[in-house]
Amino acid sequence: MTGIELSTAGVGRSIGGTVRRLFGRRVALVDRFAFGTVALLLLLAAVGPFVTPFSPYEVDPAQALMSPGAGHLLGTDDAGRDVFSRILAGAGTTLLAAVGIVVLSMITGVLVASVAALLPRWADEAVMRVCDICMSIPSLVLALGLAAAIGPSLPSIIIAMVAASWPGTARLVRGILRETMCGSYVEAAQVLGVSRLRLMLRHVLPNSMDAVYVQASMEISGTIVMMSGLAFLGVGAPPPSPDWGSLVAQGQQFITSAWWVALFPGIAITISAIAFGLVGDAVRGFVDPASRSTR
């Protein structure tokens with residue numbers, strides 16, 4: 001087998017083990033509710049843009065700022081667009097982009113940490129110092145600066161947030177890899193003449209992935225909030241994009257006269273952040289039973 005196949009097989013077994021631990025036991029009611037809510041949110045993100053009762057982009061000034069009612073469940077915005085339809089259309093942009101950001105940052109962090117672990121000691125330390133420098137800058141400030149420099153768009157937010165997030169993952173994974181490489185089975189494999197690359201792909205990395213899964217599940221909640229915050233500050237996708245942060249920003253000027261324009265997208269952000277946060281906490285409890293005592 002090639003190194004890539006070995007890595008895929010090892011990590012695949014690690015993912016499978018985590019999934020079996022996750023669903024092979026009794027789940028608390030609040031955790032079931034959180035998983036169900038997240039599943040519903042992801043379903044809406046996937047099919048929402050195709051089931052909107054009204055066009056989320058079509059302007060109708062005659063119906064501007066209509067209050068919630070039978071015709072428009074959550075009212076309309078200042079351009080006469082149905083708020084409920086825009087929230088549904090924005091679910092994919094916000095939630096799927098947040099998941100994608102976390103996945104990309106985790107992949108980047110794991111790759112950097114793995115390569116650093118294979119480099120000479122001085123190079124490993126240099127890479128970790130770069131991560132420390134990046135982590136010393138608040139993530140929101142770094143992401144805001146990068147997104148503003150690239151230009152307002154959804155891809156700019158994704159690039160900026162991945163660039164701001166991967167150093168933390170790399171630092172975490174590198175510390176775990178260092179501990180794992182001190183294990184007796186690793187030392188035994190080295191005595192048998194197993195190469196460092198094969199050792200990393202076949203043994204060390206697959207046995208260090210649980211913490212990555214936990215961090216990824218817990219990062220999605222904060223990513224949704226940060227992504228919405230960046231869009232609110234004006235560095236997200238420009239109008240008429242229906243991502244939730246932009247919807248809140250567009251409705252803030254009507255908060256006293258047409259409160260529904262900003263309130264309902266804000267509620268969607270809050271529910272999503274809480275649900276993904278609870279799922280992350282549940283995953284941490286399943287992967288690390290010792291952490292349950294603090295829940």
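The values are calculated or read from the model by the stated rules, or taken from the named source; none is laboratory data. Computed from a predicted structure; not experimentally measured. Positions of Cβ are backbone-derived with ideal geometry, glycine not excepted, and every protein chain shown enters the neighbour counts. To get the accessible areas, we keep the full protein, side chains included, count just its heavy atoms, and leave off ligands, DNA and RNA. Shrake-Rupley method; radii C 1.70, N 1.55, O 1.52, S 1.80 Å.
Details
- Candidate set: the stretch 115-127, residues that are surrounded by fewer than 17 Cβ atoms within 10 Å (Cβ to Cβ) and among the charged types (D, E, K, R); chosen: the one modelled with the lowest pLDDT: ARG121
- Options LEU111, LEU96, LEU142, LEU104; residue that is surrounded by fewer than 16 Cβ atoms within 10 Å (Cβ to Cβ), in contact with a helix residue (DSSP H, G or I) (Cβ under 6 Å, 6 or more places away or on another chain) and within 21 Å of ILE220 (Cβ to Cβ): LEU96
- Condition check for SER85: closer than 15 Å to TRP260 by Cα and either open to solvent by less than 10 Å² (accessible area, probe 1.4 Å) or in a helix (DSSP H, G or I) (or both): yes
- The stretch 37-66 - residue that is assigned to a loop (DSSP other than H, G, I, E, B) and in contact with a strand residue (DSSP E or B) (Cβ under 6 Å, 6 or more places away or on another chain) and, of those, farthest from ASP78 (Cα to Cα): PHE54
- PRO155 vs. criteria open to solvent by 40 Å² or more (accessible area, probe 1.4 Å), out of contact with any Asp or Glu (no Cβ under 9 Å at 6 or more places or on another chain), modelled with pLDDT of 80 or more and not in a helix (DSSP H, G or I): no
- Flag if VAL130 is surrounded by fewer than 17 Cβ atoms within 10 Å (Cβ to Cβ) and either under 16 Å from PHE232 (Cβ atoms) or among the aromatic types (Phe, Trp, Tyr) (or both): no
- Near pairs, Cβ below 7 angstrom, 6+ apart or cross-chain, from the stretch 132-144 (over 9 Å from PRO167 (Cβ atoms) and acidic (Asp, Glu)) to any residue that is modelled with pLDDT of 90 or more and part of a helix (DSSP H, G or I): none
- Scanning the stretch 222-242 for residues that are open to solvent by less than 10 Å² (accessible area, probe 1.4 Å) and part of a loop (DSSP other than H, G, I, E, B) gives GLY236, PRO242.
- Tally of residues being part of a helix (DSSP H, G or I) and open to solvent by less than 40 Å² (accessible area, probe 1.4 Å) across the stretch 193-208: 6
- Selection status of VAL261, in contact with a His (Cβ under 7 Å, 6 or more places away or on another chain), among the hydrophobic types (A, V, I, L, M, F, W, C), assigned to a helix (DSSP H, G or I) and farther than 23 Å from ILE107 by Cβ: no
- Looking across GLU179, GLU219, GLU187, one residue alone is open to solvent by 20 Å² or more (accessible area, probe 1.4 Å), closer than 30 Å to ARG32 by Cβ and either in a helix (DSSP H, G or I) or not aromatic (Phe, Trp, Tyr) (or both). It is GLU219.
- Test: residue in the stretch 196-205 that is within 14 Å of the chain's Cα centre (by Cα) and charged (D, E, K, R): no
- Among the residues making up the stretch 62-79, a single one is open to solvent by less than 20 Å² (accessible area, probe 1.4 Å) and on the phi > 0 side of the Ramachandran plot: GLY75.
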